[in-house]
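Here the structure is laid out as structure tokens; the discussion comes afterwards.
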Amino acid sequence: MMKLYGYFRSGTSHRVRIALNLKGLDYETVVVNLSQDEQLEAEFKAINPQGLVPVLQTDDLQLFQSPAILEWLEETYPDTPLLPNDSAGRMCVRALSAMIGCDIHPINNRRILQYLRNELSVDEEEVKKWCQRWINDGFTALEKRLAADKQRGNFCYGDSPTLADCYLIPQIYSAHRFKVDMSAYPNIEAIDKHCHTLQAFIDADPSNQKDAF
């Protein structure tokens, strides 16, 4: 059985959990408690020298960086595809994913926020404003993209979950955590609502993880 080293509130761990669940794969969760900086301890850095989650351990591979893990899952377990069949569709899903994975999440992840708090002495209200600013910027653009796609079903692309949904749902969780006003994003909210009717997304939700608190 595969092992997923992660943390319940880690957006990157969350997106990999969703993909694993959608593909019906069994895995064991190994908790790396970011709130106690376990990712910086020698034991975990022997697994991933970057000191970052997630890491997916197979019988003979240690996979790191969630975009690479998701692509590996897609290539290795293609029976439940998370990318469209056509090249234009795959480009669109990858672009939507990158809007979140490259342009929203990295500047709001724990390392950045801890630097703001500990090195620059930014108070919690200003940290929250920082997160809101960049989430709102990204969601404003994403909402326009989603609204313009008249062929779109209940997901980010088409009528079935794709990698873009694996990226979006954890970012929505983060948006709620940082008190982002979601009223300007009806398409994003509708996708979130629909995804949470599916067991794969429910089971991957941070509140349903064994380390949730």
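The values are calculated or read from the model by the stated rules, or taken from the named source; none is laboratory data. Computed from a prediction, not measured in an experiment: that's the story for all the values here. Accessible surface areas use protein heavy atoms only, side chains included; no ligands, DNA or RNA. Shrake-Rupley method; radii C 1.70, N 1.55, O 1.52, S 1.80 Å.
So what is the diffusion coefficient of the range 29-168 in µm² per second by Stokes-Einstein at 20 °C and 1.002 mPa s, using a Kirkwood Rh over Cα pairs?
Using the Kirkwood radius from Cα pairs, D works out to 124 µm²/s.
Which links in Lys3/Lys179; Lys150/Lys193; Lys144/Lys179; Lys23/Lys128; Lys23/Lys210 stretch past 30 Å when you go from one Cα to the other?
Lys3/Lys179; Lys23/Lys128
At 1.4 Å probe size, with every protein chain present, just tell me what the per residue accessible area of the chain comes to in Å².
51
How large a share of the accessible area of the range 66-182, in percent, is made up of carbon and sulfur atoms when the probe is 1.4 Å and the other protein chains stay in place? The partial results should precede the final answer.
Details: 3140 of 6170 Å².
Reported share for carbon and sulfur atoms: 51 percent.
For the chain, what is the mean residue ellipticity at 222 nm derived from helices alone (per DSSP H run of n ≥ 4: -39500 (n - 2.57); sum divided by total residues; nearest 500 deg cm²/dmol)?
It comes out at -15500 deg cm²/dmol, rounded to the nearest 500.
Residue by residue, what Karplus-based ³J(HN,Hα) values in Hz, rounded to whole numbers, does the range 142-152 have, using 6.51, -1.76 and 1.60 with θ = phi - 60° and x for Gly and Pro?
5, 4, 5, 4, 5, 5, 6, 8, 6, 8, 6
Provide Met182, Met99 ordered by accessible surface of protein heavy atoms (probe 1.4 Å), highest first.
Details: Met182 10, Met99 45 Å².
Per-residue accessible area, sorted high to low, gives Met99, Met182.
Among Phe178, Phe155, Phe201, which one moves the most in a GNM of the chain with springs linking Cα atoms closer than 10 Å?
Largest GNM mean-square fluctuation: Phe178.
Spelling out what I want: for every residue of the range 66-73, take phi, set θ = phi - 60°, compute 6.51 cos²θ - 1.76 cosθ + 1.60 (Karplus), and round to whole Hz; glycine and proline get x.
Result, rounded to whole Hz: 4, x, 5, 4, 5, 5, 5, 4.
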